[in-house]
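Sharing a structure with you now.
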Amino acid sequence: MSDAQRTIDRLYAERPRSRFLALSAWLATAVVLASWLGGGFLREPAWNSHRAANLQRFLGEIVPYPLQGRDWNWAEAAAWFGDLWRDHLGQATAATLAISVAAILLAGVLAVLLAPWAARNFARPDPFLPEPRPVGRGRRGLWTAVVVVTRAVLILLRSLPGYVWAFLLLGLFGPTAWPLVLALALHNAGVLGKLTADMVENLEGPTLSSLRGLGAHRTQIAVAGMAPLSLNRFLLYLFCRWETCVRQATVLGMLSLVSLGFWIQDARARNHYDEMVLAMACGALLVVVGDLVSAVAREVVRRS
Amino acid sequence: MMAPERSRPMSAKAIVLLLLVAAGVWSAVALDLDPRRLWPGREGWLLAAGFFGHAFRPALTHEGVDIPAGATPLLLGALAAAVRTVAFAAAAMLPSLVVGLLLGFGGSTAWWAADRDRGQAGRVSAGVRFRATFGPGVSTVCRLAAALLRSVHELLWAVLFLAAFGITPLAAVIAIALPYAGTLAKVFAELIDEAPRPAAGALREAGAGPVAVFLFGLLPRAMPDMTAYAIYRFECALRAAAVLGFFGFPTLGYHIAASFENLYYGEVWTYLYVLVALVVAVEWWSVQVRRRLVA
């Protein structure tokens with residue numbers, strides 16, 4: 001055996017190994033396999049003559065109505081689109097955008113209000129600078145409770161999808177834009193709040209501890225120290241989450257009035273698949289434009 | 001003494017913040033968001049109190065008066081719905097990971113950028129020339145395909161498939177898998193491109209082919225972040241699978257909708273807590289895996 005081979009063998013034997021990771025990989029594989037084999041997804045044939053006929057009918061029906069069964073004509077297709085846009089699609093696209101914007105800003109405000117109380121280096125008797133004398137057990141316990149409760153609220157907020165929040169809130173508020181905006185805002189406040197709290201916990205100490213050493217109280221540390229230090233990252237997170245808000249804003253409309261989703265649901269109920277696909281395309285276009293705007297905004301923030 | 005000049009140009013970040021505020025005002029006006037409407041009427045308060053009051057006492061057995069004798073106990077039913085939710089999400093992860101990895105690698109610049117620089121040096125092999133010529137085009141196509149896939153939300157894919165093929169569990173799985181493949185591809189491409197490249201460069205100099213360079217030079221560096229993101233996507237897939245229940249699939253959302261419409265708020269909270277438990281378990285797992293991968 002050559003020296004090189006011996007070294008390779010030794011390195012191989014000394015490679016970092018974790019039983020937990022190996023077990024995780026096996027478990028993940030097992031769950032995926034069991035889902036495919038036992039989940040009943042392959043019980044029905046994925047393709048047969050019935051489905052083929054269904055698909056053919058569907059493809060015929062997504063052609064704009066005035067052009068169905070005729071040769072394609074750009075002028076008429078444009079007129080068909082223009083009528084629908086003026087009638088409701090334009091307004092619905094704007095409303096979808098507005099829902100996403102209102103929701104992410106509300107989520108941002110909620111996250112900023114909640115996050116400090118979930119950050120273990122801020123929510124404690126002696127934030128960022130140990131007190132010279134020991135802190136009482138009671139005070140320390142109280143602050144730990146604040147962190148635990150805030151983190152639990154954030155988990156509850158983000159574990160429930162926006163769609164479920166919207167469904168529940170619609171029952172309580174009735175059909176206005178509020179339930180949709182609130183639903184997206186609550187879910188995203190949970191996500192942003194957690195990300196922001198983790199970010200605050202990773203903030204570098206000297207600036208903040210010197211602020212406290214100079215006698216700044218909690219609010220002053222938060223406003224003069226934590227906010228400027230974390231604004232950039234926070235904005236990056238905000239724009240990232242806004243991209244998902246734009247996607248969800250379309251979908252939530254399927255539960256009530258206002259956004260594009262309402263017209264998707266409406267067209268589906270009337271079997272007007274041409275209008276359904278057009279409304280979906282408007283949503284997709286909004287998503288693509290939103291992603292572009294977000295990418296530009298994040299680049300601007302990153303450079304500043 | 002003269003005051004220091006204050007005519008600094010506004011920073012780009014200040015403009016972004018101002019635009020955000022303006023967008024917020026526009027959205028509130030466009031949607032007619034009246035804060036007073038947030039204050040529900042008497043009826044709304046009763047409903048809200050009834051619903052949120054049950055958060056502290058979720059149901060352990062079926063609510064309602066006439067429960068059929070052979071009915072599955074509530075908790076057992078919730079567990080079965082949770083298992084089906086996991087099955088939908090896990091099944092969707094397989095195709096989305098495969099497609100996401102292919103599109104993600106294709107969309108990265110890592111497999112052709114070095115060849116393009118070398119291509120100008122004169123005599124090179126056919127493979128290098130091929131990658132230098134077609135690399136940029138292929139990766140643009142991959143990125144576009146990923147963007148298209150993820151521009152349509154999973155629920156809308158489900159609605160499309162429902163209309164085109166009829167309702168099947170497989171259609172639901174594919175509906176989740178398509179946009180997730182697009183999202184995974186985008187993030188994987190970014191992570192592969194951000195991974196340190198010296199190891200890959202050394203392998204390439206030693207004559208390794210593009211597949212070997214990717215597998216042994218690039219992938220190991222990007223792997224921890226890619227794994228963490230894939231687990232996060234699984235967590236999202238769980239939520240998506242639960243929501244598909246609202247469209248008639250037998251996941252948690254189906255039971256949430258049914259119980260809510262029957263005004264069995266205790267049952268709703270039971271199902272909500274089961275969903276929360278699933279998400280929290282996956283999040284805990286993700287933290288554990290990440291800690292071990294990064295260390």
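The values are calculated or read from the model by the stated rules, or taken from the named source; none is laboratory data. It should be emphasised that the depicted structure is a prediction, and the values quoted were computed from it without experimental measurement. Ideal geometry is used to build each Cβ from the backbone, glycine not excepted, and the neighbour counts take in all protein chains shown.
Name the residues in the stretch A:127-156 that are under 18 Å from A:Arg212 (Cβ atoms) and free of Cβ contacts under 8 Å to residues at least 12 places away in the same chain, would you?
Across the stretch A:127-156, the qualifying residues are A:Pro130, A:Glu131, A:Pro132, A:Arg133, A:Pro134, A:Val135.
So for the stretch B:35-58 (the condition being part of a loop (DSSP other than H, G, I, E, B), more than 11 Å from chain A (Cβ to nearest Cβ) and surrounded by 12 or more Cβ atoms within 10 Å (Cβ to Cβ)), does at least one residue qualify?
yes
Sticking with this one: Of all the residues that make up the stretch A:185-204, how many are within 22 Å of B:Leu252 (Cα to Cα) and away from chain B (no Cβ under 12 Å)?
Result for the stretch A:185-204: 2.
Here is a follow-up. Run down A:Ala98, A:Ala52, A:Ala79 and say which single residue is facing chain B (nearest Cβ under 9 Å) and in a helix (DSSP H, G or I).
Result: A:Ala98 is the single residue among A:Ala98, A:Ala52, A:Ala79 that is facing chain B (nearest Cβ under 9 Å) and in a helix (DSSP H, G or I).
Condition test on B:Pro220, is it at pLDDT below 85 and of a type outside the set (Val, Ile, Thr)?
Answer is yes for this residue.
Of all residues in the stretch B:244-258, count the ones that are within 11 Å of another protein chain (Cβ to nearest Cβ) and part of a helix (DSSP H, G or I).
8
Select, from B:Ala195, B:Ala241, B:Ala175, B:Ala146, the only residue that is at pLDDT below 85 and either within 20 Å of A:Phe41 (Cβ to Cβ) or crowded, with 20+ Cβ neighbours inside 10 Å (or both).
The conditions single out B:Ala195.
Look at the stretch A:223-266 and say how many of its residues are among the aliphatic types (A, V, I, L, M), more than 10 Å from chain B (Cβ to nearest Cβ) and buried (at least 20 other Cβ atoms within 10 Å of the Cβ).
Adding up the residues that qualify gives 1.
Here is a follow-up. Provide a single number: the residues in the stretch B:150-178 that are in a helix (DSSP H, G or I) and either closer than 17 Å to A:Val251 by Cβ or more than 7 Å from chain A (Cβ to nearest Cβ) (or both).
Residues in the stretch B:150-178 being in a helix (DSSP H, G or I) and either closer than 17 Å to A:Val251 by Cβ or more than 7 Å from chain A (Cβ to nearest Cβ) (or both): 18 in total.
This table checks each residue for (1) under 30 Å from A:Glu299 (Cβ atoms); (2) of a type outside the set (S, T, N, Q); (3) in contact with a Phe, Trp or Tyr (Cβ under 7 Å, 6 or more places away or on another chain); (4) touching a residue at least 12 places away in the same chain (Cβ under 8 Å).
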site: B:Gly24; (1), (2), (3), (4): yes, yes, no, no
site: B:Trp39; (1), (2), (3), (4): no, yes, no, no
site: B:Arg57; (1), (2), (3), (4): no, yes, no, yes
site: B:Thr61; (1), (2), (3), (4): no, no, no, yes
site: B:Gly77; (1), (2), (3), (4): no, yes, no, yes
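Look at A:Val258 and say whether it is at pLDDT below 85 and within 30 Å of B:Pro179 (Cβ to Cβ).
yes
Further question: What tally of residues in the stretch A:157-180 results from selecting those that are over 18 Å from B:Ala241 (Cα atoms) and within 7 Å of chain B (Cβ to nearest Cβ)?
6
Still on this structure, I have one more. So is B:Ala222 of a type in the set (A, V, I, L, M, F, W, C), farther than 22 Å from A:Cys240 by Cβ, without any contact (Cβ under 8 Å) to a residue 40 or more places away in the chain and assigned to a helix (DSSP H, G or I) or not?
Spelling it out, it is not the case that B:Ala222 is of a type in the set (A, V, I, L, M, F, W, C), farther than 22 Å from A:Cys240 by Cβ, without any contact (Cβ under 8 Å) to a residue 40 or more places away in the chain and assigned to a helix (DSSP H, G or I).
Check A:Phe128 against each of (1) more than 10 Å from chain B (Cβ to nearest Cβ); (2) assigned to a helix (DSSP H, G or I); (3) buried (at least 21 other Cβ atoms within 10 Å of the Cβ) and name the one condition it does not meet.
In the conditions (1) more than 10 Å from chain B (Cβ to nearest Cβ); (2) assigned to a helix (DSSP H, G or I); (3) buried (at least 21 other Cβ atoms within 10 Å of the Cβ), A:Phe128 misses (2) alone.
Looking at (1) modelled with pLDDT of 90 or more; (2) over 15 Å from A:Ala95 (Cα atoms); (3) within 10 Å of another protein chain (Cβ to nearest Cβ), which is the only condition A:Val287 fails?
For A:Val287, the failing item is (2).
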